[in-house]
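Here's the structure, in structure tokens; my notes come after.
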Amino acid sequence: MTDQFVVRAPGRVNIIGDHTDYTGGLVLPMAIDRWTVIEGSYHRGPIELTSSDEPDPLVLSLPVTDPASVEPRWGRYVAGIAAEIGAATRPIHGRISTDIPIGAGLSSSAALEIAAALALGFEGDVVALAELARRAEHRASGVPCGIMDQLCIAAGVADHALLIDCNALTVHPVPLPDGVSIVVQFIAHRTLMGSEYGDRVDECAAAERSIGPLRLATTNDLAGIADPTVRRRARHVINENQRVRDFSEALHRGDLVRAGALMVESHNSLRDDFATSTPVMDRAVEQMCATPGIYGARMTGGGFGGCIVAMTEPGAIARGWVVNAVDGASIEHSGSSEGIG
Ligand code: GLA
């Protein structure tokens, strides 16, 4: 290993399976061809990083004990990683750049966490990397996120979506059929910090206190939940897990019409039962679905803004951008690229 390195971590878009990961459910995201890159070298002294998107540099002395108090704020994600790696953290001097839109629901923060973990000397497999980065996100931002974003970014496979079981932490690559485009359309900037995301996590926990793990529940169990709001949240999660299974099977069969219909059902469930969509996102999904050559569309990620995702015939959409599925994060030392895991 030399003193110089380049780390690349992609963003992600979730094709189907939202708000299921933090109850150990199923998700089907893909890593996308937008990256956060850290170029740097190892040195003695504090971590020193600049960012192409931020005016203020990060100068971070080790050890880090309270990532949430670090300034500038973007540095909290790096600080969370350093706090989680602990004494084995390797101080670096470097520069971050990214073409993942920030605050758009495409996991710019998880990409920064995973990139920082590799740069700061994390060693281990993709699951351990994702778990560490998820803990760092909790400490840095207070958002009680699940593991989908970090695991997708760590474990991405080119030309494949990933069927992830967020309880077993298994990742099954699902080939994306030829003749299909995945298109992302930006709707609005948002942050999950201070949003209702945490309320949804709490509501799912309340549902599980009544009927046990949602990942094992069926809609027959819903009658055991007294609170109508909590019951609706649970209904979304139970149905969404089944939609992820059905979507994967539809892709295997090449039944794109069925897969697209499941995306729309997922959107409607996030709108009506889970209340994480917005009227602007609903209209954008409706407009997409009324366009010839679109199989289906839905909000993607945490919601409350961000992006919508569509599955289309190639060339069907002028608005938005086509994303391609790519391999997960990697680190390169003096010309030799290492994947992880
Ligand atoms: C955010 C979180 C994920 C997941 C999605 C919703 O992206 O970081 O863990 O919960 O929202 O599916």
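The values are calculated or read from the model by the stated rules, or taken from the named source; none is laboratory data. Computed from a predicted model, the values in this text were never measured in an experiment. Every residue, glycine among them, receives a Cβ derived from its backbone with ideal geometry; neighbour counts consider all protein chains shown. To get the accessible areas, we keep the full protein, side chains included, count just its heavy atoms, and leave off ligands, DNA and RNA. Shrake-Rupley method; radii C 1.70, N 1.55, O 1.52, S 1.80 Å.
Overview of values
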| item | result |
| --- | --- |
| Inter-site label distance for Gln242 and Asp282 at 7 Å from Cα along Cβ, in nm | 2.4 |
| Net charge of neighbours whose Cβ lies under 12 Å from the Cβ of His43, counting Lys and Arg as +1 and Asp and Glu as -1 | 0 |
| Pairwise FRET efficiency - Val180 versus Ala128, Cβ, R0 = 30 Å, nearest 0.05 | 0.40 |
| Choice from Val244, Val174, Val27 with maximal GNM fluctuation in the chain (Cα, 10 Å cutoff) | Val174 |
| Theoretical FRET efficiency, 1/(1+(r/R0)^6), r = Cβ-Cβ of Arg258 and Ser97, R0 25 Å, to 0.05 | 0.05 |
| Listed residues Ala87, Ala261, Ala110, most fluctuating in the chain (Gaussian network, C-alpha, under 10 Å) | Ala87 |
| Computed E for Arg44/Met193 - FRET, C-beta separation, R0 45 angstrom, nearest 0.05 | 0.85 |
| Separation in nanometres of the label points that stand 7 Å from Cα toward Cβ, at Thr65 and Thr229 | 3.8 |
| Probe 1.4 Å, protein heavy atoms only - accessible area per residue of the chain in square angstrom | 40 |
| Rounded to the nearest 20 debye, dipole of the stretch 175-323 from Cβ charges on Lys, Arg, Asp, Glu | 80 |
| Extension reserve of the Trp321-Asn167 stretch, reckoned as 0.36 nm per residue once the Cα distance is removed | 52.2 nm |
| Sulfur and carbon atoms: percent of accessible area, the chain [1.4 Å] | 49 |
| Degrees, to the nearest 10: 197-211 long Cα axis against longest axis of the chain | 60 |
| Degrees separating the helix 108-119 axis from the principal Cα axis of the chain, which is the longest one | 40 |
| Highest-fluctuation residue, Ile164, Ile317, Ile38 considered, GNM on the chain with Cα pairs under 10 Å | Ile317 |
